[in-house]
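Undergrad: A single structure is presented below for examination.
Values in this text are rule-based calculations from the coordinates and carry no lab data. None of these values were measured; they are calculated from a predicted model. FYI the Cβ positions are ideal-geometry reconstructions off the backbone, even for glycines, and counts take in every protein chain you see.
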Amino acid sequence: MSAQKPPPPQDQRPSPLKRPRSPSPAAEASSKKPAPSFPAVAQAKSQTLKFTISGPAARFQYLRIRITHARPGNATALNELHFRSAINHALRETFGLIGASHHVDLLKFDAARQEGLVRTPYASCPTLRAALTLMREYQNNELRADVLDSSPFLFSIAHNSRVWKPVQERK
């Protein structure tokens, strides 16, 4: 008979599942005490407010539009009524009766520069911009419409900081 050692009992064998492990960095971090916080910092964090002022919450979109004639010498300048009618004509020609049903308000018109300030519902803005891009004629006059500025806030169109020129003081 050969002399073999008997296997150790089950409870004495080292099990890979029961080996002692070193604690992970995450476990070490969670076991540490949190850093003390100052009352002023905690109070400031609790008073932080967050809100969004653009997007679907905006009811209207404002556009500043300029209409330019292909032959300025031959064409007559548009008045306020014809400017508004040209926008409706563009909507009707591009999108039919459904397009013409979009609500568009002409808030301000400058006949000398052929520019107008238009208000439309936020959801109708892409349709209006597409119609103005595709507009090519009105009453047998070739013309184009340029959207100079667009914003959901009227104030940002009225006061554009990129073209702002400060008033010089009089002496």
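Undergrad: Give me the base-10 log of I(q)/I(0) for region 61-158 at each q in 0.21, 0.22 Å⁻¹, Debye formula, one uniform scatterer per Cα, rounded to two decimals.
TA: -1.05, -1.15
Undergrad: Using each residue's phi in region 106-120, evaluate 6.51 cos²θ - 1.76 cosθ + 1.60 at θ = phi - 60° and report the 3J(HN,Hα) Karplus result to the nearest Hz, with x for Gly and Pro.
TA: 8, 8, 8, 9, 10, 5, 5, 9, 6, 10, x, 9, 10, 10, 9
Undergrad: Do any trypsin sites (Lys or Arg not before Pro) in region 79-136 lie in a DSSP loop with no more than 14 other beta carbon atoms within 10 Å, and if so, which?
TA: Those satisfying the criteria are Arg113, Arg136.
Undergrad: Through the Karplus equation 6.51 cos²θ - 1.76 cosθ + 1.60, θ set to phi - 60°, convert the phi angles of region 84-92 into ³J(HN,Hα) values in whole Hz; use x for Gly and Pro.
TA: Each residue's phi maps through the Karplus curve to give 5, 5, 5, 5, 5, 4, 5, 5, 5 Hz.
Undergrad: Give me the net charge for the shell around Arg136: Cβ to Cβ below 11 angstrom, other residues only, Lys and Arg +1, Asp and Glu -1.
TA: With Lys, Arg at +1 and Asp, Glu at -1, the neighbours total -2.
Undergrad: Also, I was wondering about something else. Under the rule of at least 5 residues apart or a separate chain, name every residue whose amide H is placed under 5 Å from the amide H of Asp149.
TA: The answer is Arg64.
Undergrad: On to the next question. In what sequence do Leu132, Leu148, Leu81 fall when counting other Cβ within 10 Å, fewest first?
TA: Final ranking by Cβ density, sparse to dense: Leu81, Leu148, Leu132.
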